[in-house]
């Protein structure tokens, strides 16, 4: 069993990490960190547990420690990080310098040239950017990132279409409130409403997608040349990001070809990888967040409504934003790190 | 006072028509129709009143009659129609043949070559298609349509940008449940959910927008050449359609120019026309349905978040779907018909 | 394996029955019925599947038959019924007369003197009313009812308190929309709203609770003498009925005694019985529908906020209305019928 | 025109106060206060305006000052306070000592023996407790309180029934999220959920109601002897508190008598008093928050579903919690203070 630590264990993604890691066959939760005000408390006291399964007894009694390499201790083999990005920016390098391998969901450094940004089923080969990272920074550990929840939702579907040479992508997102954390969106803001702006989100979709689908020659990632334009909306949904995507390709692409490419896109043998990776619906009104977010235990991507429009192919896709889009994405990267011998 | 009748007076749009027409300075409600099962009842009995102002006393006691020219009687000068489209298809021609002028919100015949499809502030000149209609069909009355609620939301903003020569438009809609009528969307379908498909809706945005912005030479409307691709979503919001729009133009267009063009787009002097027609927000997170749907008494369009993206200009717009997008649109067309002497 | 049939298999409760029965160790789904218009279709075609787990493959391809004993066939040993009560009233006696044992969730006949109304953990002994029923009606089969979803939520907590001699009960319910079936509550009715009335519901709580807690001497059930007053509200929640209860008892009852009595109330060894039956929270703001409705796989009851008020003891309770409150309740009665040898 | 100041002008109730006071015929907004961090900013900058009417231009440009008598200045005749109770506790006495008359919505000191707690239509005579207050504290100004929003909702209906000698009251509340302020309830807490506890709320209903309906002999208020037991729930509704009430009276009371007493309960001639005060519905499923909260411009109380139960009379009532229940209640007390010559 690999002993793992969770940085930022009391937040929304931290709680999902615990929910996923506690029953995991390869990982054993050995350390939980949170802000100074929580350090020293039991996890039960420190966390306002809000996931829809009871808090695991083995975790409830653990002591929360400060988010600091010394506090975590040396008998931890792998770190999962779900810190606010400003905290991650400051703290994650300290952990890697201290020799830890960190699988991080935090948004800091995702676009750094020597930091692998990975969705295992899409660009597992980018993981070897760790070698470059170690060379350049003199680190023993490693820092690996998963993309933003809204990026993870549509990139697998684009990955299935790259053979047709994607030129432009337009994407409108309908994002669930859990993506902003437990306190991110007040009820007065969102009931009977929608908010057509999420700070910094559109840029994440536009840049992270091009890195994920970029080529890697062993030295650097060459951003994919497609032009991506995103518009992001918050809607009154708890979990599950839904996205409307238009794709224009250099090669002619029919809805049937796109559906086949998505449905047949290969998954991996990692413990948390779903099979199939992309669930393609024939019904035009699917996927829907409440009905389809738990496909593949929340790790699948769903697509549907594929059709030709006056400006390219249009379809909709969905993933569970705090599982496939956050906690599950980090766990999956941890599984990949283990399989590839980095842990 | 012009005596008016309302076809389909008990439905969601019918109730809004009553709410708008009852206090109107130029119109007097003289007849209310509904399906056979309601005919003969008082309006209070026939309608399940659900608008957020009390049912007007003068209307509550009126008798509902069948949706039939004979039942409506000859002392009505103008008809507002909010019938289901299948019923409208069958019944509206009978009213026009009987000499009535009909301002209709129903979706049937909107794209017919000799039926004016009008947003007064955008293409009032199309109204003269009535002459062609009368010539061709031998009608004394007239049939005028307003567009679909989702079309009305974005077309005024496009109208402000036509000088830059629009080539392509992508639009994703986040539509309120009231757009489907009182019984259109069940609570089990939409709470904690979103539905990425509304039957026939995308095509309405794609075709009606080109007719509204098309040229009219007195004989026929020449569809605008822009390519419009729409994706329509239902979300858990009561009123107010929000839309994400991308526009690519032949002439270079900056966000500042677009904002100025929208904010300065002229309104009309009709009683229900708002001033300004388009309210432009500087705040990137506006407009929002709950906060902005009642601007201009529900007759304004709001826009915001205007910015340049890798694929053209992007912005968001909003209107109140059952006022500006339906009942108010029909009333406004009625006011235009009156001003132009057709009533 | 007991071969079971489901009457009304395409509705909201019918779908939950399939979800619970398909993986059941003792029951095998052998027949599915629906209205005439669905008969002859595959279940996949006939049902608009809306449960949050995929439709079981073994069920999807089954043919739906008419709700008629002849159509169901003789190789079915046990019937689960989730028919609209008007249909149940007409059809269930025909099934029992034809020799079927019927575990029914439909509201018809629940208060009939010779029909056992049973929550196994509360009044399993009432099941023997079947003997009276057979004597009086000359039936070979049997008709057993589970109570209404809102009744099931609070009765187990009252059962734990009967030793203190309950005199009066006030109960206010906050009920989820799924209790009205998929089409029961429109989104326009309930978003940003609450409805303080559910037709016939208060009476069900007031009478069914007294039958469930009544004495049974082998011949008839003597209604419990407590006075129950209910007020029922529909709120914008998908699943899980929450109830505020006040209890006045002849014997003095402290919150601690009540909590102990509830937490220690015995469950049964039936496959679907949860352990514990009643989950008692210390936190005053629990139970909550979204967080606690799936306790015990949706078969537990949760209670909390127990305290003394100027007029007796007050507490809140919760159960999952379509599992413990409907489909799961019928399955549990089926398990009891099997254990007691009636099947 | 009476020059008024608003303490805590940027909060949810503060914004409603501005919305009500800006067009008021007798009051002129002369000072706005907020926390230190907002002092010195324009109101437009300091407030995140979230009311559904645009921010009044005359107010937007005003400077916000610190919540301090010196900062407010001497040319203000009347103060409206909507401070958090801990701040109100500290600051309100300083204002009164400095000679200001304060109409406060804050919960501190509501039950103090020499502080009038007033709903003008119910107990305007209690206002003269100001004389006692001035005597005891040596104040020139005065401190007057309105009750909590959930108290205001049901007390007018009880006031209509006091002639029947109320002995016990049970009340379950279904409260809107706006009652907790803009940031009080997160969306993750309340979408698809309900919370059966609001800290301190039940006690407010139980005690404030008895003070409001208590006798006043010119020296002190004698609490009404009725026993009130409350249970408070937060539900996913934006505005409007709905309450289920059971009343047991010493004198026999029929539903018809109760309906007549409520419908005929007298209102006042104050500018913001609605007529009627209590709107009584015959329909059993009314009042409903979304449909009925704006009756009487949000200042009316609605009641319905009146019926006899095994334990007394049961009915439901509703009021708009941030208008009649908070900002409007304070304005109304201000109007009463003006009419009675205290301002």
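The values are calculated or read from the model by the stated rules, or taken from the named source; none is laboratory data. Everything numeric in this text was worked out from a predicted model, so none of it was measured. Cβ sites come from the backbone with ideal geometry, for glycine too, and all protein chains shown count toward neighbours.
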Checklist outcome for this item: Screening B:74, B:58, B:106 for residues that are at pLDDT 95 or above and away from chain D (no Cβ under 14 Å) leaves only B:106
Next on the checklist: Could you check the stretch D:176-186 and list, in sequence order, the residues that are free of Cβ contacts under 8 Å to residues at least 60 places away in the same chain and at the interface with another protein chain (Cβ under 7 Å from one of its Cβ atoms)?
Outcome noted: D:183, D:185, D:186
Checklist entry - Looking only at the stretch C:210-236, which residues are touching a strand residue (DSSP E or B) at 6+ places or on another chain (Cβ under 7 Å) and facing another protein chain (nearest Cβ under 7 Å)? => result C:227, C:228, C:229, C:231, C:233, C:235
Checklist outcome for this item: Selection over the stretch B:61-72 where residues are surrounded by fewer than 16 Cβ atoms within 10 Å (Cβ to Cβ) and out of contact with any strand residue (DSSP E or B) (no Cβ under 7 Å at 6 or more places or on another chain) yields a count of 2
Item to check | Residue check for residue C:272: at pLDDT 95 or above, buried (at least 18 other Cβ atoms within 10 Å of the Cβ) and in contact with a strand residue (DSSP E or B) (Cβ under 8 Å, 6 or more places away or on another chain) | outcome: no
Next on the checklist: Can you tell me which of (1) more than 20 Å from the chain's Cα centre (by Cα); (2) without any contact (Cβ under 8 Å) to a residue 60 or more places away in the chain; (3) assigned to a loop (DSSP other than H, G, I, E, B) is the one residue D:10 doesn't meet?
Outcome noted: (1)
Checklist entry - What residue, among those in the stretch A:187-199 that are touching a residue at least 12 places away in the same chain (Cβ under 8 Å) and under 23 Å from the mean Cα position of the chain (by Cα), is surrounded by the fewest Cβ atoms within 10 Å (Cβ to Cβ)? => result A:197
Next on the checklist: Of all residues being touching a helix residue (DSSP H, G or I) at 6+ places or on another chain (Cβ under 8 Å) and not in a loop (DSSP other than H, G, I, E, B) in the stretch C:73-92, which is surrounded by the most Cβ atoms within 10 Å (Cβ to Cβ)? Just the residue, please.
Outcome noted: C:81
Checklist entry - Within the bounds of the stretch C:6-14, is there any residue that is modelled with pLDDT of 95 or more and at positive phi? => result yes
Checklist entry - In the set B:207, B:151, B:157, B:173, which member is crowded, with 24+ Cβ neighbours inside 10 Å, in contact (Cβ under 8 Å) with a residue 40 or more places away in the chain, within 30 Å of residue C:186 (Cβ to Cβ) and within 14 Å of chain A (Cβ to nearest Cβ)? => result B:173
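Test residue A:243 against the stated conditions and say whether it is touching a residue at least 24 places away in the same chain (Cβ under 8 Å), under 30 Å from residue D:50 (Cβ atoms) and surrounded by 24 or more Cβ atoms within 10 Å (Cβ to Cβ).
Working: touching a residue at least 24 places away in the same chain (Cβ under 8 Å): yes; under 30 Å from residue D:50 (Cβ atoms): yes; surrounded by 24 or more Cβ atoms within 10 Å (Cβ to Cβ): yes.
Taking the combined requirement at face value, the residue satisfies it.
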Checklist entry - Quick one: would you say residue A:219 is in contact with a helix residue (DSSP H, G or I) (Cβ under 8 Å, 6 or more places away or on another chain) and surrounded by 24 or more Cβ atoms within 10 Å (Cβ to Cβ)? => result no
Item to check | Selection from the stretch C:93-110 of residues that are in a helix (DSSP H, G or I) and touching a helix residue (DSSP H, G or I) at 6+ places or on another chain (Cβ under 7 Å) | outcome: C:94, C:95
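Here's the yes/no breakdown for (1) outside any helix (DSSP H, G or I); (2) over 17 Å from the mean Cα position of the chain (by Cα); (3) free of Cβ contacts under 8 Å to residues at least 12 places away in the same chain:
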{"position": "D:297", "(1), (2), (3)": "no, no, no"}
{"position": "D:317", "(1), (2), (3)": "yes, no, no"}
{"position": "D:321", "(1), (2), (3)": "yes, no, no"}
{"position": "D:327", "(1), (2), (3)": "no, no, no"}
{"position": "D:342", "(1), (2), (3)": "yes, yes, no"}
Item to check | the stretch C:20-57: number of residues that are under 22 Å from residue C:101 (Cβ atoms) and in contact (Cβ under 8 Å) with a residue 40 or more places away in the chain | outcome: 8
Next on the checklist: I'd like the full set of residues that are under 30 Å from residue A:168 (Cα atoms) and in a helix (DSSP H, G or I), limited to the stretch B:276-295.
Outcome noted: B:289
Item to check | Every residue from the stretch D:37-55 that is more than 14 Å from chain B (Cβ to nearest Cβ) and part of a loop (DSSP other than H, G, I, E, B) | outcome: D:37, D:38, D:39, D:40, D:41
Checklist entry - Residue check, residue C:163 against (1) touching a helix residue (DSSP H, G or I) at 6+ places or on another chain (Cβ under 8 Å); (2) facing another protein chain (nearest Cβ under 9 Å); (3) modelled with pLDDT of 95 or more, all met but one. Which one? => result (2)
Checklist entry - When the stretch D:278-332 is examined, which residues are found to be surrounded by fewer than 24 Cβ atoms within 10 Å (Cβ to Cβ), closer than 22 Å to residue D:104 by Cα and within 14 Å of chain C (Cβ to nearest Cβ)? => result none
